[in-house]
Amino acid sequence: MCGIVGYIGKRQAAPIILDGLAKLEYRGYDSAGMAVFDGEKVNVKKAVGRLKVLEELTHDGATMPGTVGIGHTRWATHGAPSDVNSHPHFNGDKTIMVVHNGIIENYIPLRAKLQKKGYEFVSETDTEVVAQMLDYYYDGNPMETILKVLHRIEGSYALGIMFADHPGELFAARKGSPLVVGQSEDGCFIASDVPAILKYTRTVYFVDEQEVVRLEPDHMHFYTLDEEEIEKQPTTIEWDADAAEKAGYEHFMLKEMYEQPKTVTDTLLPRIKKDTIEIEELGLSDEEIARIRKIHIVACGSAYHAGVTGKYVIEGLARIPVEVDLASEFRYRNPILEEGAMVIVISQSGETADTLAALRESKARGFKVLGIVNVVGSSIAREADNVMYTWAGPEIAVATTKAYSAQLIALYLLAMKFASVKKTIKEEEYKKLLRDLKRLPDQIELLLNNKKNIQHFANRYIGARDIFFIGRGIDYAISLEGSLKLKEISYIHSEAYAAGELKHGTISLIEEGTLVAAVSTQPELYQKTISNMVEVKARGAFVLAVTNEGNKEIEKAADYVIYIPETNPYFANSLAIIPLQLFGYYVAVGRGCDVDKPRNLAKSVTVE
Ligand code: F6R
């Protein structure tokens, strides 16, 4: 989604803004722009396409002198990517500048009202309304004017605002879209995500809902929408700026795939104490766990796929019924939450609008929500009653890999914790499961080391039109994620099907040479999946199987087999997904796709 960077201080603003926007490129965007006050007037430059174009246009910021400014990368929602639709937006005489993330839902009536008063609009965006409204209400006092406007707009926003006649101040405001501000000896910063400013400061403040910030070169003041000043505590960012760099890998996605053994270890080991799972953040006593009657898992995209796996594992081990919902469905389907229900939301970014809305909906109905979240201090992390962090570190590639792997671990831990409290598994089984969990990082490493073979295989499919993934039970959940990884970065059409469901329609799409990836890691379902492999093979499919070491029988039905090391079937997803991630990655690389920033996608989806 869109990225915001603002700076006020002793240094030149433009290079800092460009540098910060570059760090936010992973969020996805299709145009960029910035506004800098040069001591007399505000200069604005905008460019469609990559940030590189704006950098060239401004000679890396050198042609835009000044020590206060705001910049933006836009992911088009209202109006196509174009110079006029790019931010910053401004009033008629270019004295008020606005950058915005989110959606102003009532922009149409507001615009009509302003048009009646003679205001002319140049863009199709919702954001321009904010700039023009600020102009309409402006009486020389920026803070009062901003508050008047914020009280009148509906929807979501993270805003950066600059007034030409107050060059010693910058303003930021937030409702529903993430925003941080930071301070260093050289100045103060606004950003939509920490990596944008981490090079300059580790002291950041997460702006809360309906807060406004006034930034001066050496100070920041926080206010409520009623203009009451708030005291806020800074957060010191512990992770390194290097974590957001490629470290010699060709793509962030490859780097992040290689970080999975560490991610899994970091999410797992701190929660195993003396061979017992302890999840302090859970905030539930054993008595409360024993009273859980049902679990609702709510998430989007890959996090939803992790949730689907979670359902099989929790139901299998702890015998608690689990319902998994896409957050965009859950929030509007008037879900039935009954006494004894527990809600778990899963999100890497912690900012996904639908997941956040599902969390709020559950809380409004009086249910406690556990968040499985990666980004510390994100909206979901702050609003959930309890947070179980996945310690994956910053994930930059749009397609998730390491955060997904960490989400699986969090779900396994919950399943085992619940199972041990509910005594649905025996002590011996619990110990064996723990041993298998601890082996996962080394086994993932082993699979990653097989990348050459996968690359070789993937190269055969860079011209494919359709690729199908099939599996049953947990293997179906793995297929969902394998298929998404492939299609989102390679743009090859792909579908995942429950293996037994294929013959109810979709099998008619199988042609001579169509690749079908069959995931078969659940021993009790081997034979069933083999039958489905035979069915597609008989119709011309080339069958790739991903299965456990030792399942030689599958070779009768498969044309190519990838074996994964032995583990408990409940944990097979953590291993089987590795070759599928590599496969998707190498197909996309072979096709020359922009792997880290696939078209039309954004890293954190802050609009519904
Ligand atoms: C796919 C992917 C997305 C996200 C989804 C939810 O590779 O990354 O499908 O999983 O947008 O995002 P979070 O986890 O940030 O809520």
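The values are calculated or read from the model by the stated rules, or taken from the named source; none is laboratory data. What you see is a predicted model, and the numbers here were worked out from it, not measured in a lab. Glycine also receives a Cβ, built like all others from the backbone with ideal geometry; neighbour counts cover every protein chain displayed. Note: accessible area is taken over every heavy atom of the protein model, side chains too, but ligands, DNA and RNA are not part of it. Shrake-Rupley method; radii C 1.70, N 1.55, O 1.52, S 1.80 Å.
Rounded to the nearest 10 degrees, the inclination of helix 526-537 to the longest alpha-carbon principal axis of the chain is 70 degrees. Note on the range 119-252: lysine pairs with Cα distance below 24 Å, sequence gap of 8 or more or different chains, count 5. Proximity of backbone amide H atoms, modeled 1.01 Å from N, is registered between residue 518 and 470, 544, 545, 546 at under 5 Å, excluding neighbours fewer than 5 places apart on the same chain.
If a/c stays under 1.5 just call it rounded; otherwise compare a/b with b/c (prolate if a/b is bigger, oblate if not). Do that for the chain, with a ≥ b ≥ c from the square roots of the Cα gyration tensor eigenvalues. Judged from the Cα gyration tensor, the chain comes out prolate (a/c at least 1.5, a/b above b/c). By accessible area, using a 1.4 Å probe on protein heavy atoms only, the range 29-130 has 52% of its surface on carbon and sulfur. Note on residue 269 and residue 365: the model spin-label points, each 7 Å out from Cα along the C-beta direction, lie 4.0 nm apart.
Packing around the peptides 512-520, 323-331, taken as the average count of other Cβ atoms within 10 Å per residue, puts them in this order, highest first: 512-520, 323-331. Counting Lys and Arg as +1 and Asp and Glu as -1 over every other residue whose Cβ lies under 12 Å from the Cβ of residue 419, the net charge comes to +2. When only Cα pairs below 8 angstrom with a gap of at least 6 residues are kept, the chain shows a relative contact order of 12 percent.
For the range 422-498, the solvent-accessible area of protein heavy atoms averages 45 Å² per residue (probe radius 1.4 Å; ligands and nucleic acids excluded). Among 570-581, 525-536, sorting by the average number of other beta carbon atoms lying within 10 angstrom of each residue, highest first, gives 570-581, 525-536. By a 1.4 Å probe calculation restricted to protein chains, residue 175 has an accessible surface near 50 Å², given to the nearest 10. Once phi is turned into ³J(HN,Hα) by the Karplus curve 6.51 cos²θ - 1.76 cosθ + 1.60 with θ = phi - 60°, what whole-Hz value does each residue of the range 110-115 show in order, with x for glycine and proline? Ordered by residue, 3J(HN,Hα) equals 5, 5, 4, 4, 5, 4 Hz.
Helix 127-137 axis versus longest C-alpha principal axis of the chain: approximately 30°, rounded to the nearest ten.
Scoring 473-480, 544-551, 448-455, 204-211 by mean Cβ neighbours within 10 Å over their residues and listing the highest first yields 473-480, 544-551, 204-211, 448-455. What is the set of long-range amide H partners of residue 176 at a cut-off below 5 Å, with H atoms built 1.01 Å from backbone N? Long-range HN contacts for residue 176: 157, 210. Placing a label point 7 Å from the Cα of residue 229 along the Cα-to-Cβ direction, the residues of the range 119-150 with a backbone N closer than 19 Å are 141-147. Over the chain, dividing the summed -39,500 (n - 2.57) contributions of all DSSP H runs of at least 4 residues by the number of residues returns a 222 nm mean residue ellipticity of -10500 deg cm²/dmol. Accessible area per residue for the range 1-106, computed on protein heavy atoms with a 1.4 Å probe, is 34 Å².
Ligands, DNA and RNA excluded, the heavy atoms of residue 491 present near 70 Å² of accessible surface to a 1.4 Å solvent probe.
Residues in the range 435-449 carry Karplus couplings, in order, of 4, 5, 4, 5, 7, 4, x, 5, 5, 5, 4, 4, 5, 5, 5 Hz; the curve used is 6.51 cos²θ - 1.76 cosθ + 1.60 with θ = phi - 60°, and Gly or Pro positions show x.
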